[in-house]
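Accompanying notes for the structure given below.
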Amino acid sequence: MSVLVINSGSSSIKYQLVDPIDGRSIASGLVERIGEDIGHYEHKYDGTTTDIEEPVPDHGAGLRKVLEIFNTAGPNLDSAGIKAIGHRVVQGGKYFSHAALIDDAVVDRIRQLIPLGPLHNPAHLKGIEVARELFADIPNVAVFDTAFFQDLPAEAALYALDRDVAEKYEIRRYGAHGTSHKFVSSQVSEILGRDDLKQIVLHLGNGASASAVVAGHAVDTSMGLTPLEGLVMGGRTGDIDPAAVFHLQRVAGMSVDDVDELFNKRSGLKGLTGNNDMRSVWTMAEAGDHHAQEALEIYVHRIVHYIGAYTAEMGGVDVITFTAGVGENDARLRAKVLERLRAFGVKVDAQANQPHTKEPTTISAPDSSVRVMVVPTNEELAIAREAMELIS
């Protein structure tokens, strides 16, 4: 039994064949540089990596080639027992609080939500369209990043915007990375054997978000109407005064699209240092680059700001968890964040914080006022399990 999970981006396709029962990744791969002169396929199975460099005209051609690679490099999909195709969809608006079996109506709704997810939903639709054609006899399931935050309390979900305008144009906090936040917070509850925890989950990657979770339910999250709001990210500003948009339009003569690109692609770490990769920012900072050193402080400051806010909102915090690429792998960044929480009794076990592990790990000292953990996220497994739960 397996589920093929597809995450279709604007110029890439990530995929993974997952056993939803034992959580094992059977095979995985990446198609990138779609539409460019030369594309790249990477397929991993049974300890072997297959790399192919050739043009990938579009998503349809890419997925068809992936099927060929499965047949030649393994495993054979006909004997893999695929029960469902699970698709990651970033923006589900107010319409999807759970995974949805994909039919024409669901596709139409995802298309209608493009204005709320202009960078993501169009690419997801391409992957869905091709998968429905290639896997016509297998259920295709959409799993939405926003679903976990669908039932946020009104005080967290609603902006202080004219109510009629907000309702007409569906402006509210939708959040993102919900599949990861749900998976990680559930893992923590399971590991600690408690379902009443007050948790803060820090999903730190090129995109970054924080969530407050009480007894398994999200009560707040840092991303808003779009994934732009909140923490400092690789290329996104995170929180910024909305009047900066008016200022840049009036004084700099920038168009809406110009500002959109600036805030989403040329800001964050990239805007502060010229590089959106945290590893490179650290290298620059160690070499004495003042801008990189400053960027790290800004990045940490924003995280600490949200930890403080969420702790107050929840009336305390039992567990703070780091996850995703930066959160799981950057011990120095974790230490910098937690150092600022020492006044609240948070203590780090320096030795436990150093190793990179693929297993959930506690990195706080035994006498810390708050347990601090590193829990690897697994969005593909979460999507596979939600897809299986739906079709079952």
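Could you check region 348-363 and list, in sequence order, the residues that are free of Cβ contacts under 8 Å to residues at least 24 places away in the same chain and touching a strand residue (DSSP E or B) at 6+ places or on another chain (Cβ under 7 Å)? The answer is Asp349, Ala352, Thr361, Thr362. Look at Asp277 and say whether it is within 19 Å of Ser189 (Cα to Cα) and in contact (Cβ under 8 Å) with a residue 24 or more places away in the chain. In short, no.
Could you go through region 239-257 and let me know if any residue there is open to solvent by 70 Å² or more (accessible area, probe 1.4 Å), basic (Lys, Arg) and free of Cβ contacts under 8 Å to residues at least 24 places away in the same chain. Yes - at least one qualifying residue is present in region 239-257. Only one of the numbered conditions (1) in a helix (DSSP H, G or I); (2) open to solvent by 30 Å² or more (accessible area, probe 1.4 Å); (3) touching a helix residue (DSSP H, G or I) at 6+ places or on another chain (Cβ under 9 Å) is violated by Arg334, and that is (2).
Return yes or no: is Ala324 surrounded by 15 or more Cβ atoms within 10 Å (Cβ to Cβ) and over 23 Å from Ala212 (Cα atoms)? No. Is it the case that region 68-86 has a residue that's within 22 Å of Arg385 (Cα to Cα) and of a type in the set (D, E, K, R)? The answer is yes; a qualifying residue exists. Highlighted here are the strands (runs of 3 or more DSSP E) found entirely within region 10-51 that include at least 3 residues which are touching a residue at least 40 places away in the same chain (Cβ under 8 Å) and surrounded by 13 or more Cβ atoms within 10 Å (Cβ to Cβ): 12-18, 25-32. In region 276-292, the qualifying residues are those that are under 23 Å from the mean Cα position of the chain (by Cα) and buried (at least 19 other Cβ atoms within 10 Å of the Cβ), and the one that is modelled with the lowest pLDDT is Asn276.
Among the residues of region 103-130, those identified as in a loop (DSSP other than H, G, I, E, B), farther than 17 Å from Ile391 by Cα and open to solvent by 40 Å² or more (accessible area, probe 1.4 Å) are Pro118, Leu119, His120. When Arg342 is tested against (1) without any contact (Cβ under 8 Å) to a residue 60 or more places away in the chain; (2) under 17 Å from Asn206 (Cα atoms), just one condition goes unmet, and that condition is (2). The set of residues in region 346-392 that are farther than 23 Å from Ser25 by Cα and either polar (S, T, N, Q) or assigned to a helix (DSSP H, G or I) (or both) comprises Ala350, Gln351, Ala352, Asn353, Gln354, Thr362, Ser364, Ser368, Ser369. Right, Ile138: open to solvent by 20 Å² or more (accessible area, probe 1.4 Å) and within 21 Å of the chain's Cα centre (by Cα) or not? Criteria not met by Ile138.
Checking each residue of region 78-86 against the condition of being over 24 Å from the mean Cα position of the chain (by Cα) and assigned to a helix (DSSP H, G or I) gives at least one match.
So, in region 260-275, of the ones that are assigned to a loop (DSSP other than H, G, I, E, B) and of a type in the set (Gly, Ala, Ser), which residue ends up surrounded by the fewest Cβ atoms within 10 Å (Cβ to Cβ)? Here the residue is Gly274. Count of region 92-102 residues, restricted to those that are under 21 Å from Ile13 (Cα atoms) and either out of contact with any His (no Cβ under 8 Å at 6 or more places or on another chain) or surrounded by fewer than 16 Cβ atoms within 10 Å (Cβ to Cβ) (or both), is 4. Among the residues of region 62-71, write down those that are under 20 Å from His124 (Cβ atoms), of a type outside the set (Lys, Arg) and surrounded by fewer than 16 Cβ atoms within 10 Å (Cβ to Cβ). Across region 62-71, the qualifying residue is only Leu67.
The values are calculated or read from the model by the stated rules, or taken from the named source; none is laboratory data. Computed from a predicted structure; not experimentally measured. Note: ideal-geometry Cβ built from the backbone for every residue, glycine included; neighbour counts use all protein chains shown. Side chains are part of the model used for accessible areas, which takes the heavy atoms of the whole protein and leaves out ligands, DNA and RNA. Shrake-Rupley method; radii C 1.70, N 1.55, O 1.52, S 1.80 Å.
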